[in-house]
Amino acid sequence: MDVGRTTSCDAEGLRVLARAESLARRQGRALVLTGARPFLVQLLGLVGLPPLVDRSSADLVPAQSR
């Protein structure tokens with residue numbers, strides 16, 4: 001899922017991501033977030049969801065959209 005344009009993520013957003021990850025895992029799939037900005041990478045790490053982030057694309061957000 002491309003989250004490169006995400007500028008904020010509250011408790012509801014985290015709940016949705018955690019639920020989507022759980023559903024994907026139950027179906028034998030993986031939810032991968034691409035284009036995650038540093039704030040989102042840090043937030044996911046704090047709540048225990050860092051495996052969702054595709055580290056190869058985490059910093060590929062164009063500078064003008066940061």
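No lab work stands behind these numbers, since they all come straight from the coordinates. If you're wondering where the values come from, they're calculated on a predicted model, not measured in any experiment. In this analysis, Cβ positions are derived from the backbone assuming ideal geometry, glycine residues included, and neighbour counts consider all displayed protein chains.
A protection proxy built from the mean count of other Cβ atoms within 10 Å ranks the segments 39-45, 11-17, most packed first, as 39-45, 11-17. If you plug the beta carbon distance of residue 7 and residue 27 into 1/(1 + (r/R0)^6) with R0 = 25 Å, you get a FRET efficiency near 0.25.
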